[in-house]
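To keep things clear, I will list the structure first and then write my remarks on it.
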């Protein structure tokens, strides 16, 4: 693969005084990719974005674009544009002048600025608001002006720093769809920073999950969701059940709930007797009430008692206490029914899941 | 009942407003009102004629010397404003660009002189500008002058330099505050869009700090316009300003109605400058 349009971060370190903000960040973003950097606040994701944009310089490592080190290229010469979290629109300029600013400072002819600004405003559906000042726009409109201002420069890369954070839920969903389709249409590489895992999953080609200044995992959204490689990733994305145990044999794990079968290639790398955790998604668990003996030993079966049932709309969240370990309730998500759930608090039942529906997480010593 | 309660609280609010504004009204508005009235009286011989007429105003307009002093004072105030804008803007920019404790020390250095007596500051300037003063000594030392110059004291130059130096904080502080209010993300965004450091300053920092510069300029202009102490103490006979002209009407000339009429003219100019500054300092994009 050629390096054209590829952004590479190699061994990036960043410190502020005594505090290490980033350590050993390796990240490659391919040309035209929608890459999301996801992490809780303070994880260093915005710092990564600011390093790429050139607002700050790394203390170690290399940033390459098109195969060339750009660490010394000053901010105004990098072919990247940023959509800021607070939009950073120039309050003393009209929408038109805001959007045209990047062209104006590069001495683009006035008629070309006019044409391209018009096109960019059409792309974000703000064609007739060019004469307004930012203070006269709604939050969603400002957001789109910020986007048009970046797009009009035809950058190689657009950096987006939580651009949807200030919008309400409905507008946020609309903008997610819009951003995604826009990115497909213009084919510009997007590096998108967010702390919202749902946003990351629905929009990204790939996600890099950050925590405490390191990248925990990079992968496609479904990989990140179903095949987490660390406890942090497993619990950061939605709900997950973590079951502590020890490897007993090839695909058998001894846990507080009894022996459990798990089919995961990662289990092969773990020595017998070693401590590990098992992650099972709540929607992979199934509640049953017949007590027939197991017909398939690739299905794990655990007797439980229902602790609570919580209706949250399309699904219901059920806490089920295993009989063998009543103090470690498991979360089950099951589709809600109009007629109400066929079980109540205190009912006994059987929890089943396929051995293929769980992943093994090496014990990294951190407690949950 | 609720209507009665709200009427009661409204009356109470009115009462407190009256209490709060009583002193300012008594000591500021009333004297000004008195001047307004005085201005429409006039003097005949040694007596004040207490009947309404425009005679005092016409006396002022008909006196070429006073009108000349009036325009010379406007020019002086404008010079103080321009000099301080040119000197103050870079200082404000510098202070807002540095980080850490140093910036607060510098701000403090600007504020401390504001707390000192105006007369003491003028005397200090007089010592600096005199023929054996710091300025002459420095110029002699640097070889700019062969012998001490009298150009810096008891003339219009002295008034200009003294006012400019003493009023500089009034220029720097509003500009500094305007600069501080510009979000860092705006200059970041401009840089990100390809603007060079100079373009960032020209397109973002300068226009967004302009309201502060206008306010600072207004302070300097209005303060210089009405001041009579600095001209009196460092101006000598040449440094005669409108403030001194007014002062003399209340003193030696003992023509209070003419002094009052001239004060009202000064007040109107000052109010016009303040109103104009208010309009410029509050541009359309801020009101939206």
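The values are calculated or read from the model by the stated rules, or taken from the named source; none is laboratory data. Remember, predicted model here, so these are calculated numbers, not experimental data. Quick reminder, even Gly has a Cβ in these numbers, built from the backbone with ideal geometry, and neighbours come from all protein chains shown.
For region A:82-89, check the following and say yes or no: at least one residue is within 13 Å of another protein chain (Cβ to nearest Cβ), at positive phi and touching a helix residue (DSSP H, G or I) at 6+ places or on another chain (Cβ under 9 Å).
yes
All but one of (1) in contact (Cβ under 8 Å) with a residue 12 or more places away in the chain; (2) within 31 Å of the chain's Cα centre (by Cα); (3) surrounded by fewer than 17 Cβ atoms within 10 Å (Cβ to Cβ) hold for residue A:310; state the number of the condition that does not hold.
(1)
Could you please find all residues in region A:230-259 being part of a loop (DSSP other than H, G, I, E, B), in contact with a helix residue (DSSP H, G or I) (Cβ under 8 Å, 6 or more places away or on another chain) and within 30 Å of residue A:13 (Cβ to Cβ)? Quick ask: steps written out before the conclusion?
So in region A:230-259, the residues part of a loop (DSSP other than H, G, I, E, B) come out as A:230, A:237-240, A:250-251, A:256-257.
After this cut, where a residue has to be in contact with a helix residue (DSSP H, G or I) (Cβ under 8 Å, 6 or more places away or on another chain) as well, the list is A:237-240, A:250-251.
Answer for region A:230-259, where residues must be part of a loop (DSSP other than H, G, I, E, B), in contact with a helix residue (DSSP H, G or I) (Cβ under 8 Å, 6 or more places away or on another chain) and within 30 Å of residue A:13 (Cβ to Cβ): just A:237.
Could you please find all residues in region A:124-146 being within 12 Å of another protein chain (Cβ to nearest Cβ), over 26 Å from residue A:38 (Cα atoms) and assigned to a helix (DSSP H, G or I)? Break it down stepwise before answering.
Start the filter on region A:124-146 by keeping residues that are within 12 Å of another protein chain (Cβ to nearest Cβ), which leaves A:131-137, A:145-146.
Then drop every residue that is not over 26 Å from residue A:38 (Cα atoms), which leaves A:131-137.
Hits for region A:124-146 are A:134, A:135, A:136.
Okay, residues lined up against (1) at pLDDT below 95; (2) in contact with a strand residue (DSSP E or B) (Cβ under 8 Å, 6 or more places away or on another chain):
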| site | (1), (2) |
| --- | --- |
| A:17 | yes, no |
| A:29 | no, yes |
| A:41 | yes, no |
| A:48 | no, yes |
| A:57 | yes, no |
| A:62 | yes, yes |
| A:68 | yes, no |
| A:73 | yes, no |
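Select from region A:107-116 the residues that are more than 13 Å from chain B (Cβ to nearest Cβ) and under 23 Å from residue A:159 (Cα atoms) and list them in ascending order. Walk me through it before giving the result.
Taking region A:107-116 as the starting set, the residues that turn out to be more than 13 Å from chain B (Cβ to nearest Cβ) are A:109-112, A:114-116.
Scanning region A:107-116 gives a single hit, A:116.
Quick one: count up the residues across region B:237-288 that are assigned to a loop (DSSP other than H, G, I, E, B) and within 14 Å of chain A (Cβ to nearest Cβ).
First, the residues of region B:237-288 that are assigned to a loop (DSSP other than H, G, I, E, B): B:237-241, B:251-255, B:282-283, B:288.
From what is left, the residues that are within 14 Å of chain A (Cβ to nearest Cβ) are B:282-283, B:288.
Number of matching residues: 3.
Inside region A:147-191, can you point out the residues that are touching a helix residue (DSSP H, G or I) at 6+ places or on another chain (Cβ under 7 Å), buried (at least 17 other Cβ atoms within 10 Å of the Cβ) and not in a helix (DSSP H, G or I)?
A:152, A:153, A:158, A:159, A:161, A:163, A:164, A:167, A:190, A:191
Looking only at region B:166-174, decide whether some residue is at pLDDT 95 or above, buried (at least 22 other Cβ atoms within 10 Å of the Cβ) and within 10 Å of chain A (Cβ to nearest Cβ).
no
Go through region B:37-61 and count every residue that is touching a helix residue (DSSP H, G or I) at 6+ places or on another chain (Cβ under 6 Å) and part of a helix (DSSP H, G or I).
Residues that pass the stated criteria total 6.
Conditions first: (1) in a helix (DSSP H, G or I); (2) within 11 Å of chain A (Cβ to nearest Cβ). Residue B:218 passes all but one, so which condition is the exception?
Here residue B:218 meets the rest and fails (2).
A quick yes/no check of all residues on (1) over 22 Å from the mean Cα position of the chain (by Cα); (2) at pLDDT 90 or above; (3) crowded, with 22+ Cβ neighbours inside 10 Å:
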{"residue": "B:147", "(1), (2), (3)": "yes, no, no"}
{"residue": "B:179", "(1), (2), (3)": "no, yes, no"}
{"residue": "B:186", "(1), (2), (3)": "yes, yes, no"}
{"residue": "B:192", "(1), (2), (3)": "yes, yes, yes"}
{"residue": "B:195", "(1), (2), (3)": "yes, yes, yes"}
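Go over the candidates A:103, A:49, A:9 one by one and state the one that is within 14 Å of chain B (Cβ to nearest Cβ) and within 23 Å of residue A:201 (Cβ to Cβ). Please lay out each step first, then the result.
Numbers: A:103 fails: within 23 Å of residue A:201 (Cβ to Cβ); A:9 fails: within 14 Å of chain B (Cβ to nearest Cβ).
Step by step, each of A:103, A:49, A:9 is checked, and only A:49 is within 14 Å of chain B (Cβ to nearest Cβ) and within 23 Å of residue A:201 (Cβ to Cβ).
Only residues that are at pLDDT 90 or above, farther than 18 Å from residue B:170 by Cα and surrounded by 15 or more Cβ atoms within 10 Å (Cβ to Cβ): list them for region B:112-134, please.
B:124, B:126, B:128, B:129
Cβ-Cβ under 6 Å, sequence separation 6+ or interchain: first residue in region B:175-192 and more than 7 Å from every other protein chain (Cβ to nearest Cβ), partner modelled with pLDDT of 95 or more and not in a helix (DSSP H, G or I). Which pairs?
none
Based on this model, can you work out whether residue A:86 counts as under 32 Å from the mean Cα position of the chain (by Cα), over 15 Å from residue A:154 (Cα atoms) and surrounded by fewer than 21 Cβ atoms within 10 Å (Cβ to Cβ)? Before the answer, list the steps.
On the way: under 32 Å from the mean Cα position of the chain (by Cα): yes; over 15 Å from residue A:154 (Cα atoms): yes; surrounded by fewer than 21 Cβ atoms within 10 Å (Cβ to Cβ): yes.
Criteria met by residue A:86.
Taking region A:48-71 as the region of interest, how many residues are assigned to a loop (DSSP other than H, G, I, E, B) and touching a residue at least 40 places away in the same chain (Cβ under 8 Å)? Let's see the steps before the verdict.
To start, the set of residues in region A:48-71 that are assigned to a loop (DSSP other than H, G, I, E, B) comprises A:54-59, A:66-67, A:70-71.
Going one step further and asking which of them are touching a residue at least 40 places away in the same chain (Cβ under 8 Å), we end up with A:56, A:58-59, A:66-67.
Qualifying residue count for the region: 5.
Given (1) free of Cβ contacts under 8 Å to residues at least 60 places away in the same chain; (2) facing chain B (nearest Cβ under 9 Å); (3) crowded, with 18+ Cβ neighbours inside 10 Å, identify the lone condition not met by residue A:74.
Of (1) free of Cβ contacts under 8 Å to residues at least 60 places away in the same chain; (2) facing chain B (nearest Cβ under 9 Å); (3) crowded, with 18+ Cβ neighbours inside 10 Å, only one is false for residue A:74: (3).
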